[in-house]
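Encoded as structure tokens, the structure appears first; notes follow it.
The values are calculated or read from the model by the stated rules, or taken from the named source; none is laboratory data. Quick caveat, the model's predicted, so the values are computed rather than measured. As a convention, Cβ positions derive from the backbone with ideal geometry for all residues, glycine included, and neighbour counts pool all protein chains shown.
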Amino acid sequence: MDGFHADSDGRTVAIEVAGKFLRVRTREGGVGALVANPVQRKFEATRGERNIVLKARQMGLTTWVAARFFLRTITHPGTLTLEVAHTQEAAEEIFRIVHRFYQHLPEKLRQGPLKTSRANSRQLVFPQLDSQYRVVSAGDRNAGRGMTVQNLHCSELARWPRNPGETLAGLRASMTPGAELVIESTPWGVGGCFFDEWQRAAEKGTVTHFFPWWMEDRYAAVAIDSASYTEEEQEIVERARLSAEQLGYRRQLRANYGKLARQEYAEDPDECFSMSGECYFEADVIERRLKELTQGGAAEAGGEYQEWLPAVCGRKYVVSVDPAGGGTGGDYSAIEVIDVETGAQCAEYAAHVAGLELARKAAELAQRYNYACLVVERNNHGCGVLAYLHSDCKYEHLFEQSGQVGWLTTSLSKPLVLAALGSALVEAPGNFLSTRFLGECWTFVRHPNGSAGAQSGTHDDRVMAMAIALGARKDLLARR
């Protein structure tokens, strides 16, 4: 085992040891030494205890993290390494990489101190070291439960199913003090767990790593004559020092992927967050507003409730509620607070709550904002919330529509309020202060069947709460 031990830093040693002992599948289909590429070397040189990686496709980062954690597992007794992939198929592929590492170790190690007691499709157990290497799917509701983890790798977080934020929180709770965390993903829309983690990395003490596509040597094509460069191409050639062959590859990406090229083959840590369908709203407007908020330092710090504009005596407000079932794996219940006169967003709440708990939160906010007009979508779960507002909360200033309390969303009313929201985003973008709301707007898309809603893996609860708020505001102003 002496050949595996590293110095206190271990960065250069890890690269040397990986190249000497670990084997990977080569591009030609054979097996060869793991020779660290530029991305892997850059990550190794800059990594910290907590890391988040935003990257283009197929940069070799998953393989490198697996290699590093494999070496730590077999050189540090009592180590539990946990890899969490976004699908069952991805989990199996990662484990094949890890199992290949093990299979090509020297025989005397595999039959000696590294002899396994179990090596199934997802787990390597080293009883003499009291160490384990496990690979699971994020779709497993028990992922990480009951474990004490020293190394945690969360792969393709942007594409995790169900409720990735809660899954990630549970996994973090399993980590020991001093454990290493690597979150990595290609981008998939503004909003969602990965976007939030990337935006909030500094406040969490997480080291950010961005790896654009041109750091991968094989991403090259036929050279482009510099005389044909567009102004935009000339700018990126100068900024990123691209070769003519790399620019040729970039043109191929744009031709093959269209707008999705900047998502799948990232070249800017802000602009790479893109939608997977046609954005229902004006994407450029949303993008500009998001940049204003994030670059201006106004992005919210997190939590279920955010408040930007406190209640002002004498002003009127609308508190809008889009209820959900309250289960941890589904949609959020969302509440938006807006100023009736200006339409400005004042506060926002979103959580997995329902029924009485949601009613009490809505009533509390409405009372805080000068006994605001409280509008609750009465479809489905909203009927129960309205009943609790009457019976338990005794809140009486409820929005009425056609003689009934609450707001009814129909196939006719939904397009109207969404159109009004779209107009508000264009005409008064400064009214919107929540990056999470704007993120949902970004990933609110037109589906192939003609419907509109959140793209797969994202939410639209804040969008609908805001659309209803603006619809109720318009109605209230018309009644004056």
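Computed quantities for the displayed model
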| item | result |
| --- | --- |
| Counted residues, the range 290-304 - those being modelled with pLDDT of 60 or more and either of a type in the set (G, A, S) or within 16 Å of R200 (Cβ to Cβ) (or both) | 6 |
| Helices (runs of 4 or more DSSP H) lying entirely in the range 196-274 (those with 2 or more residues that are under 25 Å from P164 (Cα atoms)) | 261-264 |
| Condition check for A469: surrounded by fewer than 24 Cβ atoms within 10 Å (Cβ to Cβ) and at pLDDT 95 or above | no |
| Which listed residue is of a type outside the set (F, W, Y) and either closer than 19 Å to T63 by Cα or surrounded by fewer than 18 Cβ atoms within 10 Å (Cβ to Cβ) (or both), from T176, T206, T167 | T176 |
| Search result, residues across the range 71-121 that are under 15 Å from V149 (Cβ atoms) and of a type in the set (D, E, K, R) | R72, E83 |
| Subset of the range 209-223 that is without any contact (Cβ under 8 Å) to a residue 40 or more places away in the chain and in contact with a Leu (Cβ under 9 Å, 6 or more places away or on another chain) - its residue that is surrounded by the fewest Cβ atoms within 10 Å (Cβ to Cβ) | A223 |
| The lone exception for V207 - which of (1) farther than 29 Å from F437 by Cβ; (2) assigned by TED's automatic domain parsing to the domain that holds A67; (3) not polar (S, T, N, Q) it fails | (1) |
| For L152: the one exception among (1) under 13 Å from the mean Cα position of the chain (by Cα); (2) buried (at least 21 other Cβ atoms within 10 Å of the Cβ) | (1) |
| Per-region count, the range 414-454, residues part of a strand (DSSP E or B), surrounded by fewer than 20 Cβ atoms within 10 Å (Cβ to Cβ) and touching a residue at least 60 places away in the same chain (Cβ under 8 Å) | 2 |
| Test for A283: is it more than 22 Å from V445 (Cα to Cα) and of a type in the set (A, V, I, L, M, F, W, C) | no |
| Hits in the range 133-149 (condition: at pLDDT 95 or above and surrounded by fewer than 21 Cβ atoms within 10 Å (Cβ to Cβ)) | none |
| Qualifying residue in the range 338-349 (condition: of a type in the set (S, T, Y), within 21 Å of R378 (Cα to Cα), modelled with pLDDT of 95 or more and touching an Asp or Glu at 6+ places or on another chain (Cβ under 9 Å)) | yes |
| Count of the range 41-80 residues which are under 25 Å from L129 (Cα atoms) and part of a loop (DSSP other than H, G, I, E, B) | 5 |
| Given (1) of a type in the set (D, E); (2) at pLDDT 90 or above; (3) in the same structural domain as V445 (by TED's automatic domain parsing), index of the condition E216 fails | (3) |
| Checklist (1) modelled with pLDDT under 85; (2) under 14 Å from L438 (Cα atoms); (3) touching a helix residue (DSSP H, G or I) at 6+ places or on another chain (Cβ under 7 Å) applied to E287, failing item | (3) |
